[in-house]
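The values are calculated or read from the model by the stated rules, or taken from the named source; none is laboratory data. As the structure is a prediction and not an experimental result, all values here were calculated from the model. All Cβ positions, glycine included, derive from the backbone under ideal geometry; neighbour counts span all protein chains shown.
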């Protein structure tokens with residue numbers, strides 16, 4: 001899947017996968033719904049490529065603490081950040097978001113079950 005992505009997007013997806021693996025070593029990663037999905041007690045994050053950016057999203061995004069205001073979205077649960085290049089990764093609080101998302105699933109269970 002990643003090898004089919006163009007240039008910087010492939011590198012960024014690899015970096016994001018590495019970040020999630022370091023922070024949540026027991027999480028699984030699979031291709032679902034045409035995107036990379038990370039799961040631990042249910043899905044907690046995803047990476048989806050677009051033409052000019054990557055979307056790194058969180059199932060319980062509305063519950064994430066986001067003091068810098070970088071999360072986007074308008075639904076009742078999910079939020080995401082748009083990554084416009086590999087250099088953009090370092091400027092985002094992604095480690096915090098991943099850790100919070102994993103903790104929320106540990107506390108509340110699978111976000112896809114109501």
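A few points about this structure:
- Filter pass, residue 104 being touching a helix residue (DSSP H, G or I) at 6+ places or on another chain (Cβ under 7 Å), under 25 Å from residue 10 (Cβ atoms), surrounded by 15 or more Cβ atoms within 10 Å (Cβ to Cβ) and at pLDDT 95 or above: no
- Enumeration of residues in the stretch 1-18 that are within 25 Å of residue 112 (Cβ to Cβ) and either crowded, with 18+ Cβ neighbours inside 10 Å or modelled with pLDDT under 95 (or both): 1, 2, 13, 16
- Looking only at the stretch 74-94, and only at residues there that are in contact (Cβ under 8 Å) with a residue 40 or more places away in the chain and outside any helix (DSSP H, G or I), the one that is farthest from the chain's Cα centre (by Cα): 85
- The stretch 95-114 - residue that is part of a helix (DSSP H, G or I) and in contact with a strand residue (DSSP E or B) (Cβ under 9 Å, 6 or more places away or on another chain) and, of those, farthest from residue 41 (Cα to Cα): 97
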